[in-house]
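Shown next, in structure tokens, is the structure this report addresses.
FYI, it's all coordinate maths here, none of it is from the lab. The model shown is predicted, which means the values in this text are computed figures rather than measured ones. Cβ coordinates were reconstructed from backbone atoms using ideal geometry, including for glycine residues, and neighbour counts include every protein chain displayed.
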């Protein structure tokens, strides 16, 4: 029950992130064409655009899933080895001592993972649209290939 309440608390944050990511993605893409994305797009278009862009390429799905898996492995290694010197350097010797509860360490690491994932998605979408912008300005034939 406790986890369900946490998920319910995080859903509005994810919803707002999808809106901001969609606005940024669509804004970067259509800015070079001189279109105002807010006039011609509905909220549903803006919400679905990051998800549809992500699911359009298997390489992007694999990249996002692999980052999530790598972070989970990294988190597990840090929690198991929190008493060792190298893990204490990463976690910070001032914050945690070797006897710190494992749940506390996980709750400390999770916000960093969320920011990492948000930055990863944002940089992927901005980079892809910068490439599209370059192709449009240089008038290449494959303007909208991914």
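Measure nothing but the geometry: give the 0 to 90° angle between the long axis through the Cα atoms of 43-55 and the longest principal axis through the Cα atoms of the chain, rounded to 10°.
Rounded to the nearest ten degrees, it is 70.
What residue among 133, 75, 88 shows peak mean-square fluctuation when the chain is described by a Gaussian network model with Cα springs under 10 Å?
Between 133, 75, 88, it is 88 that shows the largest mean-square fluctuation.
Take the chain, drop everything but the C-alpha atoms, weight them equally and run the Debye formula without solvent; then report log10 I(q)/I(0) at 0.11, 0.12, 0.16, 0.17 Å⁻¹ to two decimals.
These q points yield log10 I(q)/I(0) values of -0.59, -0.67, -0.95, -1.02.
Under 10 Å, Cα contacts only: if you run a Gaussian network model on the chain, which one of 62, 109, 90 comes out with the highest mean-square fluctuation?
Answer for the Gaussian network model of the chain: 90.
What is the calculated FRET efficiency for residue 81 to residue 101, with r their C-beta to C-beta distance and R₀ = 22 Å, to the nearest 0.05?
Numbers: r = 15 Å, r/R0 = 0.69.
That pair, residue 81 with residue 101, gives E of 0.90.
For the chain, what is the calculated [θ] at 222 nm in deg cm²/dmol (nearest 500), taking -39500 (n - 2.57) for each run of four or more DSSP H residues and dividing by its residue count?
On the way: 6 runs with 113 residues, N = 146.
Taken over the chain, the calculation gives -26500 deg cm²/dmol.
Using a Gaussian network for the chain with springs between C-alpha atoms less than 10 Å apart, which of these wobbles most: 106, 84, 25?
It is 84.
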